[in-house]
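Step one of this worksheet: look at the structure below.
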Amino acid sequence: MAEHGIDCWLIQFARETGLRADPLGYLVGAGVTWPSAFLLNGDGRTAAIIGSGDAGTFQGMGVWDDLRPYVQSPRDDLLDLLLKWDPKRIGVSWSASDDTADGITFGMYQLLESLLAGSKFADRLAAAGDLAARVRSVKLPEEVEGITRAVELTEQLLERMERRFELGLSERALQAQVHAWVREAGWKFSWDEQMCPMVNFGEPAFVGHAGPTDRQLQPGDVIHVDVGLIVDGFASDLQRTWYWRRSGEDGAPADVRRTFEAVKAALDAGVATIRPGARGFEVDAASRTTVAEWDFPEPAFAFGHGVGQVAHDGGCLLGPRWERYGDLPEVAIEVGNVFAVEMDLSVPDSGGLVGLEEQVVVGPDGARYLSNPQRELKVLG
């Protein structure tokens with residue numbers, strides 16, 4: 001907080017979080033119904049101002065030093081608390097670029113302004129999105145351990161999927177089988193289950209975020225899978241690629257092999273550039289340059305993104321300086337960041353999609369894999 005010039009952090013100011021989840025709700029400990037304020041002072045004191053009906057949820061939690069249930073309005077308690085703490089800058093969790101740090105809605109911000117109107121704190125509100133992003137993106141060792149477990153189980157799931165491949169199997173049928181396995185294990189998917197796993201046999205109907213089709217696995221198909229799990233609150237996001245050979249083929253055709261090598265080279269170039277202090281756009285540029293050197297079209301997506309509680313976690317984005325990414329590619333990489341690094345390229349002749357995606361954690365000397373990276377194209381059939 002001191003580094004960001006924040007004396008008091010209003011971590012969450014929200015209502016009806018069961019309807020609209022707050023990305024910083026994990027710091028609060030539970031959901032709320034009525035307008036509620038959760039504050040952390042620079043000296044370590046904490047306070048929660050909550051509707052009286054939510055008091056039972058937070059009593060005994062042991063997180064909030066000063067718990068203040070209210071009936072009619074949070075105004076008096078909020079002003080009383082701020083007068084005692086007297087912060088010069090009150091950080092509010094919002095961000096124009098990072099959705100995981102963009103907690104307060106516009107309506108709640110207006111309500112906050114009305115509660116502070118006429119007080120000396122009315123002009124002391126400041127954006128705390130950068131602070132929120134750092135808290136979320138720099139992982140504790142326990143968080144890295146949780147992500148690693150999710151990755152390991154996802155790799156086991158991918159091995160199970162590989163054993164299920166057979167000619168005539170449809171993309172949709174494979175996804176349905178995976179859904180059954182995941183439900184049986186009690187896990188969740190890292191994104192909308194209609195699109196998880198993403199399965200492509202041969203040339204995909206759509207490159208990007210899309211669900212499976214009724215297309216059946218045929219000889220000569222490139223098989224591409226993108227899947228992520230949430231296990232005990234931590235996410236993974238992995239991609240793997242196989243080739244099902246035609247009759248008489250000893251291995252994959254030259255264009256498929258070359259595409260796989262280009263994907264691997266681009267992945268290696270980006271990972272080698274990851275280090276504390278580097279900017280996200282610099283890492284993306286190393287990968288993007290490698291793609292161009294292999295004479296493939298420029299990728300229409302970022303090289304990497306944070307992974308944590310969800311597949312697309314906050315903080316630094318390993319991406320180009322495009323308007324759609326806001327300021328995230330400018331953010332400096334830090335020790336403890338965990339990224340999904342990825343590259344997807346289409347085979348020039350057949351149009352099959354070759355994609356690899358791994359998880360890495362940043363240490364003092366650079367990136368270390370949490371996943372077991374795919375280094376060879378697996379040939380099946």
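The values are calculated or read from the model by the stated rules, or taken from the named source; none is laboratory data. Keep in mind the model is a prediction, meaning the values are calculated, not measured. All Cβ positions, glycine included, derive from the backbone under ideal geometry; neighbour counts span all protein chains shown. Accessible surface is based on the protein model in full, side chains and every heavy atom, while ligands, DNA and RNA are left aside. Shrake-Rupley method; radii C 1.70, N 1.55, O 1.52, S 1.80 Å.
General observations
- Residue satisfying all of: in segment 190-248; of a type in the set (Phe, Trp, Tyr) and over 18 Å from GLY306 (Cα atoms); modelled with the lowest pLDDT among these: PHE206
- GLY314 being more than 19 Å from ARG240 (Cα to Cα) and assigned to a strand (DSSP E or B): yes
- So VAL331, is it open to solvent by 50 Å² or more (accessible area, probe 1.4 Å) and within 16 Å of the chain's Cα centre (by Cα): yes
- Restricting segment 1-24 to residues that are more than 23 Å from the chain's Cα centre (by Cα) and small (Gly, Ala, Ser), the residue that is surrounded by the fewest Cβ atoms within 10 Å (Cβ to Cβ): ALA2
- Residues that are more than 26 Å from GLY5 (Cα to Cα), outside any loop (DSSP other than H, G, I, E, B) and open to solvent by less than 30 Å² (accessible area, probe 1.4 Å), drawn from segment 25-52: ILE50, GLY51
- Being in a loop (DSSP other than H, G, I, E, B) and within 24 Å of LEU158 (Cβ to Cβ) is a property that holds for ASP214.
- Scanning segment 351-381 for residues that are of a type outside the set (Val, Ile, Thr), farther than 19 Å from SER287 by Cβ and open to solvent by 50 Å² or more (accessible area, probe 1.4 Å) yields a count of 6.
- Any hit, segment 128-148, residues being touching a His at 6+ places or on another chain (Cβ under 6 Å), open to solvent by less than 90 Å² (accessible area, probe 1.4 Å), closer than 30 Å to PRO87 by Cβ and not basic (Lys, Arg): yes
- Subset of segment 294-323 [within 13 Å of the chain's Cα centre (by Cα) and open to solvent by 30 Å² or more (accessible area, probe 1.4 Å)]: GLN309, VAL310, HIS312
- If you filter segment 166-190 down to residues that are closer than 23 Å to ARG246 by Cα and part of a helix (DSSP H, G or I), you find that the one that is most open to solvent (accessible area, probe 1.4 Å) is ARG172.
- With respect to the conditions (1) assigned to a loop (DSSP other than H, G, I, E, B); (2) more than 21 Å from the chain's Cα centre (by Cα), VAL291 lacks only one, and its number is (1).
- Residue within segment 242-249 that is hydrophobic (A, V, I, L, M, F, W, C) and crowded, with 17+ Cβ neighbours inside 10 Å present: yes
- Residues of segment 97-114 satisfying the condition of being of a type in the set (A, V, I, L, M, F, W, C) and either surrounded by 19 or more Cβ atoms within 10 Å (Cβ to Cβ) or out of contact with any strand residue (DSSP E or B) (no Cβ under 9 Å at 6 or more places or on another chain) (or both): ALA101, ILE104, PHE106, MET108, LEU112
- Residues of segment 263-288 classified as touching a residue at least 40 places away in the same chain (Cβ under 8 Å), outside any loop (DSSP other than H, G, I, E, B) and more than 15 Å from PRO373 (Cβ to Cβ), total: 5
- Taking the listed residues ARG163, ARG134, ARG149, the one that is in a helix (DSSP H, G or I) and over 19 Å from LEU238 (Cα atoms) is ARG134, with no other qualifying.
- Just one of the listed residues (LEU217, LEU229) is open to solvent by less than 10 Å² (accessible area, probe 1.4 Å), within 17 Å of HIS179 (Cα to Cα), among the hydrophobic types (A, V, I, L, M, F, W, C) and in contact (Cβ under 8 Å) with a residue 24 or more places away in the chain, namely LEU229.
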